[in-house]
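Just below is one structure, and these are the notes that go with it.
The values are calculated or read from the model by the stated rules, or taken from the named source; none is laboratory data. Here the structure is a predicted model, which is why all the values come from computation and not from measurement. Methodologically, a virtual Cβ is constructed for each residue, glycine included, from the backbone with ideal geometry; neighbour enumeration extends over all protein chains shown.
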There are 2 protein chains.
Amino acid sequence: MTVMDICRAAKEAAADLRLLNTAVKNRALEAMAGALEAHREDLIKANAVDIEKARATGVSPTLIDRLTLNDKRIAGMVNAIRVIAGLADPVGLGVGRQERPNGLVVEQVREPLGVVAVIYEARPNVTADVAALCLKSGNAAVLRGSSIAYNSNAAITEVLHEALRGVEGIPGNAVQLVHDVSREGALELLKAKGYVDLLVPRGGPELIRTVEENATVPTVIDGDGNCHIYVDAAADLRMATDIAVNAKTSRPSVCNAMETLLVHQDVAREWLPVVLQELGQRGVEIRGCERVRDIVPSVDAADETDWGTEYLDLVLAVKVVDDLDAAIAHIGTWGTMNADGIVTQDIATAQRFTRAVSTGSVFVNTSTRYSDGGEFGYGVEIGVSTQKLHSRGPMGLESLTSVKNVVWGNGQVRVL
Amino acid sequence: MTVMDICRAAKEAAADLRLLNTAVKNRALEAMAGALEAHREDLIKANAVDIEKARATGVSPTLIDRLTLNDKRIAGMVNAIRVIAGLADPVGLGVGRQERPNGLVVEQVREPLGVVAVIYEARPNVTADVAALCLKSGNAAVLRGSSIAYNSNAAITEVLHEALRGVEGIPGNAVQLVHDVSREGALELLKAKGYVDLLVPRGGPELIRTVEENATVPTVIDGDGNCHIYVDAAADLRMATDIAVNAKTSRPSVCNAMETLLVHQDVAREWLPVVLQELGQRGVEIRGCERVRDIVPSVDAADETDWGTEYLDLVLAVKVVDDLDAAIAHIGTWGTMNADGIVTQDIATAQRFTRAVSTGSVFVNTSTRYSDGGEFGYGVEIGVSTQKLHSRGPMGLESLTSVKNVVWGNGQVRVL
């Protein structure tokens, strides 16, 4: 099947999937979870082929780790599907209703988007996660994993297909894997306008650029995470230390890790030596502005590049700011609308920050690391939107729906 | 000022506008309405220059009509602004809130998009409508009207500027008109990525194509309206006639007018002669499928082109379908996701239609002509979305906002 054949089949399947009731979809999800559990060994065997190939081509240990399936990770996939089965069905949910003076009832109702495509990199669990999210939200899934994980993705999809064939009412092409993992195949998917209703790219800057330059289908971009935490004059400084350490060091390679720490000038002299020592003990390399270096002279100098860099590593840019508005302006200039936070005990300051900072997820007195579909109660996420239209932050079931108007009348006609 | 200068100034203004409270914004709207009223004669004078030029270049009477400002139309603009002032402020509105097991409170809150740009054609009232919608929703407006209405748009903007200068707290560049009405200027606006948060093109297919091919800024497309009405076997046929006549003839040149009538085979023989006679008396030319022509032989033959055509005129394609699902499939193939309707007294049939037809606005037992911001209670509309992401159907204040996550903690940090 060509990519266009897959997209056409997905569009047909979507017409049936949008009509399914919740009970059928949950039966299908349970079947998927059970089948993945039952075929654990087959999946690990298929995954071993990918890992061997990857090792032979000298792939980095980090990537090998992401690629690896083991009992624990398969249990994670299975659990995610069961969590999704337990979530409320977003389809048919009313988000607005009004009665107009002429008696018309105007409802706003969630419906499936139709065909959802995801282009993703190494992690094979995405295959199951996206299949489950799409099925629950009544969408047909088109999965385009990377060549490095091809055998793993094919094995997972095969197991899911077998499971779904046993569930009455589920169309055969509800979940499809794109077997053509060439760049041309990806471009064909990006240009399947009229067939793909939403494409989410999950990957590095190069993938995002390719999508932005080539896609004619609607996309939601899962972009960079140049995340900030601003420690206010009214912060609980003990809390600020815990949050800064957690946001930077708990998992530095992910998009919700802090990359720049902004500190109000009134607490900089007291707090910076404390937090920089804590971070230093955990191996974090600091790049500071001149005012930071005045206080802690051993710190390396930061320049503009640092404000714009998503290190994804144990490196942190630190800047002393005059006040709240300077912090807001810095984030407005350098932020990527992924996750930004404030630490303050002052309510008015927190309210102003949350209103002024136009980021997908804004955090008050907690770590940006909580920007995550699981932590938000979505089970898993299909991606983290860094754009303003359609959906922001971690995307769960709701992000895979669209709100349409349904207008009920009793013969009303419009007179000019 | 170049288009980029305008966009930069708009972005700066947006940072202030997002913080304004409702009272200030309503004061500004009242000032705008009052000023337009007071300068009625200046506006009509400026408009006369545009009309004279347009006449000299042989522009069609329809276009001249759209271009014309008179007392009644200015009163309409003024009234629209006052209606918008009376609507609830969408900014800061919570659309979701949950408390997570770890005590985090995750809120979903509406905020302004930032900078909203609209490219529009002849009607000068759009200038005031968009300015008012953007201001109320806390967005900076960049208005790019057509050259044919340049003097009218410039005069309206001048009046609005004067009004806004008198309102404390409103930034000077809240509402800006693009004076460069060249194609190059439009292209510059389409590519002002990072400055324009939403661009809505309001115009014909050529404008839409230019936007789709060139825009790097986020857009919501206000596209074609190939609208259908399906008359079911269980329809009240008297009601069906009224609705069909209204949907086709009350204003055939607009995007919510019916273009194809689908009729269930069980009622075709009884009802088609009646409705086609009613339509014929109002000058509607009919193009029918073979089954229509079997019943009413005088009808011209339709071919596939007719199913795909938005006539915007007193022409109607008519098709007899086997059943509900055939009607749904026809709309799925040929519809443009603008407005489609069903006439039926059967609840299950109506429910299935509204669920299966993925259109921005789906109508039951009423005319598609109600797909309109004013009729939906939005005051005026910034456009009618024919896409699935972000916003569907008539776009009012809510469509000019984005829902972000605001997460409130008390020192929580994430443990892996």
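Tabulated data
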quantity: Given (1) over 29 Å from the mean Cα position of the chain (by Cα); (2) surrounded by fewer than 20 Cβ atoms within 10 Å (Cβ to Cβ); (3) touching a residue at least 40 places away in the same chain (Cβ under 8 Å), index of the condition residue A:308 fails; calculated: (1)
quantity: Candidates B:392, B:352 - the one that is outside the structural domain of residue B:131 (by TED's automatic domain parsing) and charged (D, E, K, R); calculated: B:352
quantity: Meets criteria (assigned to a loop (DSSP other than H, G, I, E, B) and among the aliphatic types (A, V, I, L, M)) for residue B:254; calculated: yes
quantity: Matching strands (runs of 3 or more DSSP E) fully within segment A:66-126 where at least 1 residues are in contact with a strand residue (DSSP E or B) (Cβ under 7 Å, 6 or more places away or on another chain) and not assigned by TED's automatic domain parsing to the domain that holds residue A:174; calculated: none
quantity: Candidate set: segment A:257-271, residues that are outside any loop (DSSP other than H, G, I, E, B) and under 25 Å from residue A:201 (Cα atoms); chosen: the one nearest to the other protein chains (Cβ to nearest Cβ); calculated: A:258
quantity: Out of B:1, B:32, sole residue that is assigned to a loop (DSSP other than H, G, I, E, B) and in contact with a strand residue (DSSP E or B) (Cβ under 9 Å, 6 or more places away or on another chain); calculated: B:1
quantity: Complete set of residues in segment B:190-218 that are small (Gly, Ala, Ser) and over 19 Å from residue B:14 (Cα atoms); calculated: B:203, B:204, B:215
quantity: Condition met for residue B:78 (out of contact with any Asp or Glu (no Cβ under 7 Å at 6 or more places or on another chain) and β-branched (Val, Ile, Thr)); calculated: no
quantity: Residue, farthest from the other protein chains (Cβ to nearest Cβ), within segment B:350-382, restricted to residues that are within 30 Å of residue B:128 (Cα to Cα) and among the charged types (D, E, K, R); calculated: B:381
quantity: Count - residues of segment A:384-411 that are touching a helix residue (DSSP H, G or I) at 6+ places or on another chain (Cβ under 7 Å), within 7 Å of chain B (Cβ to nearest Cβ) and part of a loop (DSSP other than H, G, I, E, B); calculated: 1
quantity: Any hit, segment A:283-290, residues being more than 13 Å from chain B (Cβ to nearest Cβ), over 30 Å from residue A:62 (Cα atoms), touching a residue at least 60 places away in the same chain (Cβ under 8 Å) and not small (Gly, Ala, Ser); calculated: no
quantity: Subset tally (residues that are β-branched (Val, Ile, Thr) and either modelled with pLDDT under 95 or not in a strand (DSSP E or B) (or both)) for segment B:127-147; calculated: 2
quantity: Tally, over segment B:311-343, of residues that are within 21 Å of the chain's Cα centre (by Cα) and among the acidic types (Asp, Glu); calculated: 2
quantity: All positions within segment B:223-251 that are among the charged types (D, E, K, R), in a loop (DSSP other than H, G, I, E, B) and either in contact with a Lys or Arg (Cβ under 9 Å, 6 or more places away or on another chain) or crowded, with 20+ Cβ neighbours inside 10 Å (or both); calculated: B:224, B:232, B:251
quantity: Per-region count, segment A:308-344, residues over 24 Å from residue B:113 (Cα atoms) and more than 10 Å from chain B (Cβ to nearest Cβ); calculated: 16
quantity: So residue A:48, is it in a helix (DSSP H, G or I), touching a strand residue (DSSP E or B) at 6+ places or on another chain (Cβ under 9 Å), at pLDDT 95 or above and not hydroxyl-bearing (Ser, Thr, Tyr); calculated: no
quantity: Odd one out for residue A:75 among (1) closer than 25 Å to residue A:61 by Cα; (2) buried (at least 17 other Cβ atoms within 10 Å of the Cβ); calculated: (2)
quantity: Of all residues making up segment A:195-222, the number that are surrounded by fewer than 17 Cβ atoms within 10 Å (Cβ to Cβ) and without any contact (Cβ under 8 Å) to a residue 24 or more places away in the chain; calculated: 5
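Residue-by-condition table, conditions (1) in contact with an Asp or Glu (Cβ under 7 Å, 6 or more places away or on another chain); (2) over 26 Å from residue B:195 (Cβ atoms); (3) of a type in the set (Val, Ile, Thr); (4) away from every other protein chain (no Cβ under 14 Å):
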residue: B:87; (1), (2), (3), (4): no, yes, no, no
residue: B:95; (1), (2), (3), (4): no, yes, yes, no
residue: B:105; (1), (2), (3), (4): yes, yes, yes, no
residue: B:117; (1), (2), (3), (4): no, no, no, no
residue: B:122; (1), (2), (3), (4): no, yes, no, yes
residue: B:131; (1), (2), (3), (4): no, no, no, yes
residue: B:137; (1), (2), (3), (4): no, no, no, no
